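Taken together, the values in this text are just the output of simple stated rules run on the coordinates, not laboratory data. Remember, it's a predicted structure, so these values are computed and weren't measured experimentally. Positions of Cβ are backbone-derived with ideal geometry, glycine not excepted, and every protein chain shown enters the neighbour counts.
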Amino acid sequence: MAPTDETARSQQQAPPSGTTSPTGPPAGPGPGVAPSARMPRWLPRAMVLALSLVAVFQLGSWAFHQLIGLLVNILIAFFLALAIEPAVSWMASKGLRRGFATFLVFLITLIGAAGFVTLLGSMLAGQIIKMVEDFPAYLDSVISWINTTFHTELKRVDIQEGLLRSDWLQKYVQNSATGVLDVSAQVLGGLFQLLTIALFSFYFAADGPRLRRALCSVLPPAKQAEVLRAWEIAVDKTGGYLYSRGLMALISGAAHYVLLEYLDVPYAPALAVWVGLVSQFIPTIGTYLAGALPMLIAFTVNPWYALWVLVFVVLYQQFENYVLQPKLTAKTVDIHPAVAFGSVVAGTALLGAIGALIAIPAIATLQAFLGAYVKRYDVTDDPRVHGHRRRGSRNPVARLRRRLEEKADRQQPTSRPMDDARDDDGPKRGAGAESGAGPEGGTP
């Protein structure tokens, strides 16, 4: 009974649950408070960190969408600077200051672009004035053809009055008047964008060595070599791409000039320059866009001339794609036509027309840079590598018959006929009888 008394005495001396001990903290949780209901110490800190990351992401996304136009302009300026880098470096090697050499390159480019735009504008203005003056004669010829073919009695005066009194013409004039401000704003925005691109490209080209030095100063020596190599590859590929395009534009313009001059189409030199530049520097649709204007002007001279121009544009495009372009771009760009087409489509989807223009040099630069890290092996001398099939694989019936014969040979029994067995075993039994050996190998 002694242990029982000691247990009862210890229970009476123990403080009740939830009360404060005079020598320490509470003995346990009070009534109604579960041990698992306490908040972990790391939870508030994790919640603050998560909310901070979400806020930073939202702020970065907003800033990126606000600055996407500026970033695209900087990307275009960077590729333009890479394109004129060889010319600027060549002038700098002749003793000119790099900034002045960049200014000369920009001045020559600006004069060429301004002359082209002026010549093309004057050509278009002259053609538009001529088409407006000859429009009544064209309309009379069309009306006479309709009256002769369908036995109608249309008159030009009635058609003009109907057009002037139509509701859609009045609405079109009103919308055009209200859209003048929008067009003016777009023109001013385009001029500001061109100024921004020209300014950044000038600084990138003039301060190219300083920019490379500043970029390499924050990298270890091994990374510096890789950055400089990538920069050099980008300069070679971008400059080579633009120079090869310029050479193809010159050849295309000369070929179309000969055709247009032979057909006696007006403004043949300006049209030839238009076809050469637009067909080469606007990917995918540039050829058809370039050929539309000469066809339209040739149609005003003779409708059959427009058909001849169309045929020549299609034939020359095939010659350029399969003969001229592979020879000129083999050393400058050197990418597969399917890869080039896919890069143009991807660039158009990402950045529009600008992405289509810079997609090919960007992919060529990336391919040349990553080529040093790709390990290549010798290809086995297998006919299938060259697209040739193995012998006997062209006739599926013979191949199936051969497989059936092999299967039938494998399924035949392995035991031989009895005559062959007697012939093989006979000498052995005869030798045993002559020696007098019994079935156990002993004497009888």
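For the pair F57 and A125, how long in nm is the line joining their label points, each one 7 Å along Cα→Cβ?
Output for this residue pair reads 5.6 nm.
Starting from the Cα gyration tensor of region 257-331, take the square roots of the eigenvalues, sort them a ≥ b ≥ c, and report rounded, prolate or oblate (rounded when a/c is under 1.5, otherwise prolate if a/b is larger than b/c, else oblate).
Working: a/c = 2.11, a/b = 1.95, b/c = 1.08.
It is prolate, given that a/c is not under 1.5 and a/b is the larger ratio.
Could you put D378, D134 in order, starting from the residue whose Cβ has the fewest other Cβ atoms within 10 Å?
In increasing order of surrounding Cβ atoms, one gets D378, D134.
Exposure proxy check: T287, T196, T148 ranked by fewest other beta carbons within 10 Å?
Values: T287 21, T196 16, T148 9.
So the ranking, lowest neighbour count to highest, is T148, T196, T287.
Rounded, prolate or oblate: which one fits region 85-165, using the alpha carbon gyration tensor with axes a ≥ b ≥ c (rounded when a/c is under 1.5, else prolate when a/b beats b/c, else oblate)?
Values: a/c = 6.70, a/b = 5.02, b/c = 1.34.
It comes out prolate by the Cα gyration axes.
Under a crude label model (7 Å from the Cα following the beta-carbon direction), how far is A225 from Q193 in nanometres?
4.2
FRET efficiency for A346 and I74, Cβ-Cβ distance as r, R0 = 22 Å, nearest 0.05?
Working: r = 20 Å, r/R0 = 0.91.
So the FRET efficiency works out to roughly 0.65.
Grab the beta carbon distance between H151 and L404, set R0 = 60 Å, and tell me the FRET efficiency rounded to 0.05. Don't skip to the answer; put the middle values down first.
Working: r = 77 Å, r/R0 = 1.28.
Result of the calculation: an efficiency of 0.20.
May I ask for the distance between the Cα centers of region 58-123 and region 263-289, given as a whole number of Å?
Spelled out, the Cα-based centre of one part sits 23 Å from the other.
Classify region 224-269: rounded, prolate or oblate, from the alpha-carbon gyration tensor (a ≥ b ≥ c, eigenvalue square roots; a/c under 1.5 rounded; otherwise prolate if a/b is larger than b/c)?
On the way: a/c = 10.76, a/b = 6.25, b/c = 1.72.
Prolate is the answer for region 224-269, as a/c is 1.5 or above and a/b outweighs b/c.
So if each residue of separation counts as 0.36 nm, and I subtract the Cα-Cα distance between Y203 and V323, what length gain in nm does that give? Before the final figure, lay out the partial values.
Working: separation 120, 0.36 × 120 = 43.20 nm, distance 3.84 nm.
The span from Y203 to V323 would gain 39.4 nm if fully extended.
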